[in-house]
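Engineer: Would you mind keeping the following structure in view while I ask a few things?
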Amino acid sequence: MAADPKFEPQSTIPQDWVFSTSCPVCGCASLSIKRLVSGPDELVCESCGTCFEVAQDGRHVHLVSFPPGLPGETVKGWSLPDQMRAEMRKSIRRVEDGRVVRSVGLPKPVATEDLVLRARKLYSLGNSRERVRGILEGIPGATPTQVEQALAEIGAHEQGRRAALFWIAIALMLILVVLIGLTVALGMRQQALSTPQPQQTGLPSSILSLVGSNSGLLNLPQVKVTRHEANGKKSACPSQPSNAAHLFGGEEGKWSITAFGWTFFSSKAETLYLPEGMSGEYPVFKENPVWERVAGPATLENVIYLNISCGGPK
Ligand SMILES: [Zn+2]
């Protein structure tokens, strides 16, 4: 196969050679190895389909098959890929000049769209603009005008990609800003939720609103309980607010009847009396408010809220 006795084809081409050479026809660097049982391995160009052998020096190549329309006789024997391409370009230029049309045959015209597609593929494979130009110029039948058109398309395509990249970057930044905002807002909400809230204690809403509107209430003096000696003198549960005020103390308007007895609620601390046989409970505003229970007979000072159960301790 090799015409030049100086070179022998490498029978088994090492895998990394596909990266160290390029297609001797189109210059494309995207090559694959074709392993043959009956002869030396060949490299195949994924862009133009050219097949070629590589010499044992790893540099010189020998064309085995090439795209139709190529001036084959100018690239016979072993040569370096760059020299081979230069040789072909010269022949093609001569063809274009019309001087040696008969000797090499007129290459088939190439559609500009095909050149554009090939240029895009070469560009996407990582070839530089100049490299793409060289490859396109080496394609038989491609005119300089077509090459320029294809390169202009790459430019427009690249500009479009850059513009798209710009907007993607803007969109990503906006998403980031929104995410940061959400994180901060969630963090604040979490903090607010983790702050002890009186709602968790099951206290009446009237108390809660009072606590919420005037945190000074938390600084009220503690309810002072004075227990009295039981003497067996039990009182009946009052049926009217006036009776309740009379029996327990405080103003009539601050007492309301409940299922178990009476509830006292005032914005001003007062002293109340809890008769024998009845029990009371009042909220204590510590870090977590709790109910404090007390059994009568007892006197309670500094009371703003008191539940009285007429039936005694529940
Ligand atoms: Zn090629």
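Engineer: For the stretch 100-122, give me each residue that is buried (at least 19 other Cβ atoms within 10 Å of the Cβ) and at pLDDT 80 or above.
Structural biologist: Once the filter is applied, which keeps residues that are buried (at least 19 other Cβ atoms within 10 Å of the Cβ) and at pLDDT 80 or above, the stretch 100-122 yields VAL110, LEU115, VAL116, ARG118, ALA119, LEU122.
Engineer: Across the stretch 31-55, what is the number of residues that are in a strand (DSSP E or B) and touching a residue at least 60 places away in the same chain (Cβ under 8 Å)?
Structural biologist: Matching residues across the stretch 31-55 total 0.
Engineer: With the requirement that a residue be part of a strand (DSSP E or B), without any contact (Cβ under 8 Å) to a residue 60 or more places away in the chain and surrounded by 15 or more Cβ atoms within 10 Å (Cβ to Cβ), what does the stretch 272-293 give you?
Structural biologist: LEU272, TYR273, LEU274, SER279, GLY280, GLU281, TYR282
Engineer: Return the only residue of SER20, SER47, SER32 being under 41 Å from the mean Cα position of the chain (by Cα), modelled with pLDDT under 85, within 13 Å of the ligand (Cβ to nearest atom) and not aliphatic (A, V, I, L, M).
Structural biologist: SER47
Engineer: Just to be sure, is SER256 of a type in the set (Ser, Thr, Tyr) and either buried (at least 16 other Cβ atoms within 10 Å of the Cβ) or not in a strand (DSSP E or B) (or both)?
Structural biologist: Taking the combined requirement at face value, the residue does not satisfy it.
The values are calculated or read from the model by the stated rules, or taken from the named source; none is laboratory data. Note that the structure is predicted; figures quoted are calculated from it, not measured. Here Cβ is always computed from backbone atoms with ideal geometry, including for glycine, and neighbour counts include all displayed protein chains.
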